[in-house]
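Peer 1: For reference, the structure I am asking about is given below.
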There are 2 protein chains.
Amino acid sequence: MINPHYGNIPPSYLFSEVAARVSAYQDAHPDERVLRLGIGDVTRPLAPAVVDALHDAVAEQASGESFRGYGPEQGYAFLRDAIVAGEYAPIGTAIAADEIFVGDGSKTDTAGVQELFAADATIAVSDPVYPVYVDSNALAGRLGEFVDGRWEQLTYLECTAENGYVPALPEAPVDLVYLCSPNNPTGTSLSRADLERWVAWARENNAIILFDVAYRAFVTDPTVPRSIYEIEGADEVAIEFGSFSKTAGFTGLRCSWTVVPKALTRDGASLHAMWSRRHATKFNGTPYIVQRGAEAVYSEAGREQVQADIDYYLRNAGLIRDALRGAGIDTVGGVDSPYVWFRCPAGLDSWAFFDVLLNEAQVVGTPGVGFGPAGEDHFRLSAFGTYEDTLEAVARISSLVPTLHSTTLIRSES
Amino acid sequence: MINPHYGNIPPSYLFSEVAARVSAYQDAHPDERVLRLGIGDVTRPLAPAVVDALHDAVAEQASGESFRGYGPEQGYAFLRDAIVAGEYAPIGTAIAADEIFVGDGSKTDTAGVQELFAADATIAVSDPVYPVYVDSNALAGRLGEFVDGRWEQLTYLECTAENGYVPALPEAPVDLVYLCSPNNPTGTSLSRADLERWVAWARENNAIILFDVAYRAFVTDPTVPRSIYEIEGADEVAIEFGSFSKTAGFTGLRCSWTVVPKALTRDGASLHAMWSRRHATKFNGTPYIVQRGAEAVYSEAGREQVQADIDYYLRNAGLIRDALRGAGIDTVGGVDSPYVWFRCPAGLDSWAFFDVLLNEAQVVGTPGVGFGPAGEDHFRLSAFGTYEDTLEAVARISSLVPTLHSTTLIRSES
């Protein structure tokens, strides 16, 4: 009677394992100051415009005249309109407000979208990848068995230094491809030419692209697309996932959106109608007060405040990138992205480097192997700490890395 | 590539259809004052203690020192502890804080729980029933085809006047049974003897009971169980769903809990570990500020304020019950429950009565057939309106019902 696929999945979720190791270290060394550049959680407080909107909305909920109970499961019109005006109209895409579905987080949305597809739908992901895409399909039984760190029925599109961290098109047809740009974990972005290639491929192969733009606010390069709908014809082949988590520090407040264009149909079914049905059946909407907070991100004050936080994190990203490069490590990301990605120094594998970094420098990062087999021997550092902590962390890393090189040298000579 | 089961399910969700008909009526009759005793949404504003806690938590999120980002996916310890102390310890059950999982609503939780079970798990529901239990399994493909208003592979446990609205034990074994007490939509409760019978049956048959106590705060009769865990041995056979929506007016704020006891195992798997895994993989937690609001429900002031709202709604329930009985209609519910349930007068079916009530009395109720085949010819009225609206609505109903009787009489004589 039990879903057998829960038994196939490795027992510990990446970030839970990171948290457990950090907690064990901190318990054993209560006086050490551990700096966290691991889990991609923000540290800047909510923007004042968002805080004001939240207080106002709470006050509305305190009075019988202005109280709001159940809202529309797909989101309030005021927020769907604000997302279109703030995110899609400025980049010239024709997404309509009723193609936006407000959710409680991109984790929920990207984990849930697979329910719209058949049990035998075939899946490809870029590798390394945000684990939720993979795990949600594994729990639904689409990926077969997990053997030697790989799912038997999953197509891995390797992103390595050799291909500039740009996933190649699948060699055999698949139904669904998850892409994320700017990418978590590599911090790299897909160019317009890359996306045109993907959209053309999806159109030819009747595939659907599940496109995650959680980090779109970090794009500063005007040539880098912020939405897949900047590519003509994408509305017939793509679902897009956006989030307020990293843009506006909503990791604890929880708000996201999904775009399902009405033009997207398969097997005679409207994906828009299906996703709407799923929302109505399985979800009762994002809290009203949170939707008011999200709306305030698009006010004039909100935009400026949120942009200042993005700039703050991008400055951190620059510090991390420069320090690693200064220590002789090749990096990608950290431009148009809060993440910096690199091969672990001194031939260490990613959990070994995690432990060295934690034990020797008291810095927490994220082991690349947690993001997939191509992440083995790689590592992710996040720019979401405070400026002061990031400065201190890069100083410690800059001191540590040369000792790792020399240790390796001594080892290999002995 | 598409999930074929979306195509099997009737196109419109009950409450969406109600909303559409009301909206069409209101558009055509903009001057009529429509009174809503339909969708079970609350109207009392949030309790002052909850409002204060929300403001305080928003203020915390406005400062870098007290800001909280991602929380534990299973919920903050402060709220899990408060739920145990406020809900489970007082009734003598041994539920531990780490058996409580905080969610964003019982709709999400009850719709999601089926994912823990195999694709061929067999299901029984009481009939009439909250549609989410059925629809979530239909979308997952467990119920076969929908033919003549019934799912081919679903066991319906009829609750009618004949059996006192108490579901009979299934005649053939099933894996999962959804029960709700106090019941939505009938307003009836299962007694201790009823629940003992169910727990014994589940233990004998290796079945799991999915027990919804969203309305437990309305129980005034001290002999009626408020939790299935009041029955010995239930922790090995039951998952329980609780909600702040109706207890504390959280329909727009969104907070709930699920109890998965560690003693509950099947096929060698721990349901507790599976649900914890699902939360970690597919959910990023209920907003911090909302969890602080929920915690405040259990403060001394919060308890008193929330109880006053429950009493307010129970007074409405009494008005509705008395008016219907005064008009010669047999009712159940309305005691220990905000819902009153009855057979439609004058031989009308439930959508016909819905339309008559809307068009002739401008009162919105919920057609019983929307809750399942045994709801045909039945109707639900909700006590969640304001006292003034409820008074006015029952006056209109008291005037309308006798005219329906005489119309029927004239028709049958002609």
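None of the figures in this text is laboratory data; all of them are computed from the coordinates on show. All values derive from a computational prediction rather than experimental measurement. No Cβ is skipped: glycine too gets one built from the backbone with ideal geometry, and neighbour counts run over all protein chains shown.
Peer 1: Give me the net charge of B:I289's neighbourhood, meaning all other residues with Cβ under 15 Å from the Cβ of B:I289; Lys, Arg count +1, Asp, Glu -1.
Peer 2: Details: positive: A:R254, A:R292, B:R68, B:R254, B:R292; negative: A:D52, A:D56, A:E60, A:D104, B:D52, B:D56, B:E60, B:D104, B:E295.
Every neighbour counted, the sum reads -4.
Peer 1: Amide H of B:D127 versus every other amide H placed in the peptide plane: which residues, excluding those fewer than 5 positions away on the same chain, fall under 5 Å?
Peer 2: Correct list: B:L157, B:E158, B:C159.
Peer 1: Please list 3J(HN,Hα) in residue order for the range B:362-370, calculated via the Karplus relation 6.51 cos²θ - 1.76 cosθ + 1.60 where θ = phi - 60°; whole Hz, with x for glycine and proline.
Peer 2: Values per residue, Gly and Pro as x: 6, 10, 9, x, 10, x, x, 5, x Hz.
Peer 1: Test of understanding: ordering B:T43, A:T223 by Cβ neighbours within 10 Å, fewest first, what list do you get? Show your work: numbers first, answer last.
Peer 2: Numbers: B:T43 20, A:T223 9.
By the 10 Å Cβ count, ascending, the order reads A:T223, B:T43.
Peer 1: Next question, about the same structure. Please compute the contact order of chain A in relative form: average sequence separation of alpha-carbon pairs under 8 Å and at least six residues apart, divided by the residue count, as a percent.
Peer 2: Details: 761 pairs, mean separation 93.9, N = 414.
Value for chain A: 23 percent.
Peer 1: For peptide A:37-49, how many partner chain Cβ atoms fall within 10 Å of a residue's Cβ, on average?
Peer 2: Values: counts 0, 0, 2, 2, 4, 3, 3, 3, 10, 7, 1, 1, 0.
Going residue by residue through A:37-49 and averaging, the value is 3.
Peer 1: So the label point sits 7 Å from Cα along the Cα-to-Cβ vector; using that for A:P90, what distances do you get to the other copies, in nanometres, sorted shortest first?
Peer 2: Taking the point 7 Å beyond Cα along Cα→Cβ, the inter-copy spacings are 5.0 nm.
Peer 1: Oh, and also: Rounded, prolate or oblate: which one fits the range A:179-294, using the alpha carbon gyration tensor with axes a ≥ b ≥ c (rounded when a/c is under 1.5, else prolate when a/b beats b/c, else oblate)?
Peer 2: Judged from the Cα gyration tensor, the range A:179-294 comes out oblate (a/c at least 1.5, b/c at or above a/b).
Peer 1: Between A:S256 and residues 5 or more places away or on another chain, which pairs have amide H atoms under 5 Å apart, with H built 1.01 Å from N, and which residues are they?
Peer 2: HN-HN under 5 Å from A:S256: A:G103, A:D104, A:G105, A:F244.
Peer 1: Test of understanding: in a Gaussian network model of chain B with alpha carbons linked when under 10 Å, which of B:P30, B:P261, B:P128 would top the mean-square fluctuation ranking?
Peer 2: Its mean-square fluctuation being the largest, the pick is B:P30.
Peer 1: With helices defined as uninterrupted DSSP H runs, which ones in chain B have an alpha carbon span along their own long axis of at least 30 Å and mean Kyte-Doolittle hydropathy of at least 0.0? Each step should come with its number before you reach the end.
Peer 2: Values: long enough: B:300-326 (39 Å, -0.67); B:387-413 (39 Å, 0.04).
Both cut-offs are met by B:387-413.
Peer 1: Only bridges whose two residues both fall in the range A:34-187 count here: according to DSSP, what percent of them are antiparallel, nearest 5? Write out the running numbers ahead of the final one.
Peer 2: Working: 2 of 10 bridges.
Approximately 20 percent, going by the DSSP bridge assignments.
Peer 1: Using a basic spin-label model with each label point 7 Å from the Cα along Cα→Cβ, how many nm lie between B:D311 and A:A59?
Peer 2: Taking the simple label geometry, B:D311 and A:A59 are separated by 3.0 nm.
Peer 1: Expressed as a whole number of Å, what is the distance separating the alpha-carbon centroids of the range A:23-83 and the range B:143-163?
Peer 2: Cα centroid to Cα centroid, the span is 42 Å.
Peer 1: Karplus couplings for the range B:238-247 from phi (6.51 cos²θ - 1.76 cosθ + 1.60, θ = phi - 60°), rounded to Hz, Gly and Pro as x?
Peer 2: Each residue's phi maps through the Karplus curve to give 9, 10, 10, 10, x, 8, 8, 4, 8, 5 Hz.
Peer 1: Run the label-point distances for B:E145 please: 7 Å along Cα to Cβ, every other copy, nanometres, shortest first.
Peer 2: Between copies, matching label points for B:E145 lie 3.7 nm apart.
Peer 1: Let me know the shape class of the range B:68-128, please: from the alpha-carbon gyration tensor, a ≥ b ≥ c as square roots of the eigenvalues, rounded when a/c is under 1.5, otherwise prolate if a/b is greater than b/c, or oblate.
Peer 2: Numbers: a/c = 2.43, a/b = 1.46, b/c = 1.66.
It is oblate, given that a/c is not under 1.5 and a/b is not larger than b/c.
Peer 1: Is the shape of the protein assembly as shown best called rounded, prolate or oblate, per the rule: a/c under 1.5 gives rounded, else a/b larger than b/c gives prolate, else oblate, with a ≥ b ≥ c the square roots of the Cα gyration tensor eigenvalues? If you can, show how the numbers build up before the last one.
Peer 2: On the way: a/c = 1.80, a/b = 1.75, b/c = 1.03.
Note, shape of the protein assembly as shown comes out prolate.
Peer 1: So if I take the centroid of the Cα atoms in the range B:322-353 and the same for the range B:85-111, what is the distance between those two points in Å?
Peer 2: Cα centres, the range B:322-353 to the range B:85-111: 32 Å.
Peer 1: Of all beta bridges DSSP finds with both residues in chain B, what is the antiparallel percent, to the nearest 5? Write out the running numbers ahead of the final one.
Peer 2: Details: 22 of 41 bridges.
Close to 55 percent.
Peer 1: Now, a different point. Non-local amide H neighbours of A:R266 (under 5 Å, H modeled in plane, Pro and chain starts lacking H): which ones?
Peer 2: A:L271
Peer 1: Can you work out the FRET efficiency for the pair B:T403 and B:E236, with r the C-beta to C-beta distance and R0 = 56 Å, to the nearest 0.05?
Peer 2: Values: r = 54 Å, r/R0 = 0.97.
Rounded to the nearest 0.05, the efficiency is 0.55.
Peer 1: Taking the Cβ of B:Q61 as the centre, find all other residues whose Cβ is under 15 Å away and add up their charges (Lys, Arg: +1; Asp, Glu: -1). Could you put the intermediate results ahead of the total?
Peer 2: On the way: positive: A:R44, A:R254, A:R292, B:R68, B:R292; negative: A:D41, A:D52, A:D56, A:D309, B:D56, B:E60, B:E65.
That sum, taken over residues with Cβ under 15 Å, equals -2.
Peer 1: Right, something else. Where both partners of a DSSP beta bridge lie in the protein assembly as shown, what percent of those bridges are antiparallel, to the nearest 5? Write down the numbers at each step before the final one.
Peer 2: Values: 46 of 84 bridges.
Expressed as a percentage, antiparallel bridges in the protein assembly as shown total about 55.
Peer 1: Let me ask something else about it. Place the label 7 angstrom along Cα→C-beta at B:A352 and in each other copy, then list the distances from the first to the rest in nm, shortest first.
Peer 2: Ordered by distance, the counterparts are at 7.9 nm.
Peer 1: Quick one: what are the phi-derived ³J(HN,Hα) couplings along the range A:177-187, Karplus 6.51/-1.76/1.60 with θ = phi - 60°, whole Hz, x for glycine and proline?
Peer 2: 10, 8, 10, 9, 8, x, 7, 10, x, 7, x
Peer 1: For A:D120, project a label point 7 Å along Cα to C-beta. Then give me every residue of the range A:160-180 with its amide nitrogen under 18 Å of that point.
Peer 2: A:173-176
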